[in-house]
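All remarks here apply to the structure that follows.
The values are calculated or read from the model by the stated rules, or taken from the named source; none is laboratory data. As the structure is a prediction and not an experimental result, all values here were calculated from the model. Virtual Cβ from ideal backbone geometry, glycine too; neighbours counted across all protein chains shown.
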Amino acid sequence: MEKISINAEKREEVGKGIARSLRRNNMIPAILYRAGDSLPIKLSHKEITKFINTTSGEQVIVNLHFKDGETKLALLKDYQVDPIKGNLLHADFFEVSLTEEVKVSVHVSTVGEPIGVKRDGGILQYLLREVEIECLPDRMPGHIEIDISGLEIGQSIHVSDLKLGEDIRVLTNPEEVIVNVIAPAVEEVAPAAIAAPEAIEPELIKKGKKEEEEGKEKESK
């Protein structure tokens, strides 16, 4: 299991004003949680931003190194970003122990192009992007990779098909579908337009024309 080190400092001061002040000084406020307790900390904006950008979608253990020489292992649980500027605002870490199991959600990635898509024109559907597992931190995979190249139309891969090892328990419902290949949609042909019937001249009008013609014949006699 890959581990990345980040320098951290404990902080006594908290609050929105303090957080803004930290960010102006290129520091990011953060919280380290552990068994119901929380420890306010601050991190280098450069270090934590690089960590998030390089491990996006991966579960990676972080070595938090403090100035007093103390080191804590943690997982990044969440982070907040300014919705307008896109700047990192805050980060949440969960402290872990290598001797205690943790529950985490791990991203599922795919390899290959299904034969049902490449050969038969089917459509690949992604129905589940993450799977929840429980294991010791050092046994935790960064992500789960599945080969989908053999999938034909009508076939799917379920959570129960994952092979992660005996020391990793999958907590997600085993019957849930991760990906499947469905048949391409068939376009319905619109029915031919029904020809409009020819307009029939009302009998009354025909009769009027006939009387008019008879009247002209009488005048000519």
Exercise. Among the residues of segment 80-100, is there at least one that is in contact (Cβ under 8 Å) with a residue 12 or more places away in the chain, closer than 24 Å to Tyr126 by Cβ and either touching a His at 6+ places or on another chain (Cβ under 6 Å) or of a type outside the set (A, V, I, L, M, F, W, C) (or both)?
Worked result: no
Problem set entry | Members of segment 41-52 that are over 10 Å from Ala8 (Cα atoms) and touching a helix residue (DSSP H, G or I) at 6+ places or on another chain (Cβ under 9 Å) | His45
Seminar exercise, completed: Restricting attention to segment 1-21, the residues that are of a type in the set (A, V, I, L, M, F, W, C), more than 30 Å from the chain's Cα centre (by Cα) and modelled with pLDDT under 90 number exactly 2
For this session: Output the number of the condition that Asp120 fails; it satisfies all remaining conditions of (1) assigned by TED's automatic domain parsing to the domain that holds Pro40; (2) assigned to a loop (DSSP other than H, G, I, E, B).
Result: (1)
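Using the structure shown, decide if Gly165 is in contact with a Cys (Cβ under 9 Å, 6 or more places away or on another chain), outside the structural domain of Tyr33 (by TED's automatic domain parsing) and farther than 30 Å from Met27 by Cβ.
yes
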Exercise. Within the set of pairs 6+ apart or on separate chains, which have a first residue in segment 132-144 that is at pLDDT below 95, a second that is of a type in the set (Gly, Ala, Ser) and assigned to a loop (DSSP other than H, G, I, E, B), and C-beta atoms under 7 Å apart?
Worked result: His143/Gly57
Exercise. When you look at Thr99, is it of a type in the set (S, T, N, Q), surrounded by 12 or more Cβ atoms within 10 Å (Cβ to Cβ) and out of contact with any Lys or Arg (no Cβ under 8 Å at 6 or more places or on another chain), yes or no?
Worked result: no
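The rows are residues; the columns are (1) under 27 Å from Leu124 (Cα atoms); (2) of a type in the set (S, T, N, Q); (3) modelled with pLDDT under 95.
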site: His158; (1), (2), (3): yes, no, no
site: Leu164; (1), (2), (3): yes, no, yes
site: Glu175; (1), (2), (3): yes, no, no
site: Val186; (1), (2), (3): yes, no, yes
site: Ala190; (1), (2), (3): no, no, yes
site: Ile194; (1), (2), (3): no, no, yes
site: Glu203; (1), (2), (3): no, no, yes
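Matching residues to (1) exposed (fewer than 14 other Cβ atoms within 10 Å of the Cβ); (2) hydroxyl-bearing (Ser, Thr, Tyr); (3) under 19 Å from the mean Cα position of the chain (by Cα):
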{"residue": "Glu70", "(1), (2), (3)": "yes, no, no"}
{"residue": "Leu75", "(1), (2), (3)": "no, no, no"}
{"residue": "Val106", "(1), (2), (3)": "no, no, yes"}
{"residue": "Ile115", "(1), (2), (3)": "no, no, no"}
{"residue": "Gly154", "(1), (2), (3)": "yes, no, no"}
Problem set entry | strands (runs of 3 or more DSSP E) fully within segment 129-191 counting 3 or more residues that are touching a Gly at 6+ places or on another chain (Cβ under 9 Å) and under 21 Å from Val117 (Cα atoms) | 177-182
